[in-house]
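Notes follow the structure.
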Amino acid sequence: MRTGAQRAWEWLIERLIQVAGALAVVFVLLIFVFLVRDALPIFRETTVGELVGGKTWLPTADPPKFGLLPLILGSLYVTLGALVISIPLGVACATFISEVAPRWMRETLKPAVEMLATIPSVIFGFLGLLLVGPWLADRLGLPVGLFAALGSLMLAFMAMPMIVSVSEDAIRSVPRALRENSLALGATRWQTIRRVVLPAARSGIVAAVLLGLGRAIGETMTVLMVTGNAAVIPQGLEGFLRPVRTMTATIAAEMGETAYHTPHYHALFAIGLLLFIITFVTNTIADAVTRRGGRMGR
């Protein structure tokens, strides 16, 4: 039987958890309000259409030009390239760890993959800048070793730990009965994995991909160091082999040298607001997919 002190302690812990959850929501709202407050003044200088669809980013010109299209497309190229690399590798790695690897290997591989998440992004930037970029430029005959595909490659390895971890948890949560029923009907092990296990874990894998997308699109230091920072509109597949500039890199490169409360200052906050909305929507969709998968599993 619980004593009065135990009940009081449990009540206190519950209240602290509730306060922590409420504070998390409040902090997100405050960040949103802060971004909106400093982003709205830019619309005295330009319209939403000109800001988002403008093809030239020259904030210090006379008159200044605040076209975000090169930055949006630069972020899109780098992020999509990262997902093309990280999704198949991440899902394959998660499948191997969960379904194929023996227990001793599983207990080694998963922590090793998750260790990638602890490496500072600037380290990936140094690797791309000093080793991978020059090597790829030499092999591909490129004039410079800083280009969009290099940023995609670096971001892919940064997003993989999240994709592997969440996907592996989703695959392992598939009821064992489904596997046993498939094998009992004559399916091979690989057929069971491909046609039963992975489809059953689809919602968790999709959530992992969306979380990886949020991780990739919000990365700053790595893309600042390896993508070349050229605010030009990439063209076709060749754009992956040309320097680009992302939205996050633009904020990091220019905010420190921007005068307070100038149009340039407010334009950078508008970029931050756009990134906030993108990541918020991505994480919301991932959460909805995960909840839906949980209800279907029950």
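For the reader, a short list of remarks on this structure follows.
- In the stretch 190-206, the residue that is nearest to Asn283 (Cα to Cα) out of those that are touching a Lys or Arg at 6+ places or on another chain (Cβ under 9 Å) and surrounded by fewer than 24 Cβ atoms within 10 Å (Cβ to Cβ) is Ser203.
One line per residue, one yes/no per condition, for (1) farther than 30 Å from Ser98 by Cβ; (2) aliphatic (A, V, I, L, M); (3) touching a strand residue (DSSP E or B) at 6+ places or on another chain (Cβ under 8 Å):
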site	(1), (2), (3)
Val206	no, yes, no
Leu224	yes, yes, no
Ala231	yes, yes, yes
Gly239	yes, no, no
Glu254	yes, no, no
Ala259	yes, yes, no
Leu268	yes, yes, no
Leu275	yes, yes, no
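- Ile233 vs. criteria in a loop (DSSP other than H, G, I, E, B) and either among the polar types (S, T, N, Q) or in contact with a Leu (Cβ under 9 Å, 6 or more places away or on another chain) (or both): yes
- The residues on offer are Thr46, Thr60, Thr79, and the sole one that is assigned to a loop (DSSP other than H, G, I, E, B) and buried (at least 17 other Cβ atoms within 10 Å of the Cβ) is Thr46.
- All positions within the stretch 71-114 that are in contact with a Pro (Cβ under 8 Å, 6 or more places away or on another chain) and either modelled with pLDDT of 90 or more or not β-branched (Val, Ile, Thr) (or both): Leu73, Gly74, Tyr77, Glu114
- Pair list, Cβ < 9 Å and 6+ apart or interchain, from the stretch 256-268 residues that are touching a residue at least 40 places away in the same chain (Cβ under 8 Å) to residues that are loosely packed, with under 10 Cβ neighbours inside 10 Å and outside any helix (DSSP H, G or I): Tyr265/Ala259
- Only one of the numbered conditions (1) in contact with a Gly (Cβ under 9 Å, 6 or more places away or on another chain); (2) crowded, with 19+ Cβ neighbours inside 10 Å; (3) in contact (Cβ under 8 Å) with a residue 60 or more places away in the chain is not met by Ile251, and that is (3).
- Helices (runs of 4 or more DSSP H) within the stretch 121-178 that include 3 or more residues in contact (Cβ under 8 Å) with a residue 24 or more places away in the chain and within 25 Å of Asn283 (Cα to Cα): 121-127, 148-172
The values are calculated or read from the model by the stated rules, or taken from the named source; none is laboratory data. Bear in mind that the values here come from a model prediction, so they are computed numbers and not experimental data. Every residue, glycine as well, gets a Cβ built from its backbone with ideal geometry; the counts of neighbours run over all protein chains shown.
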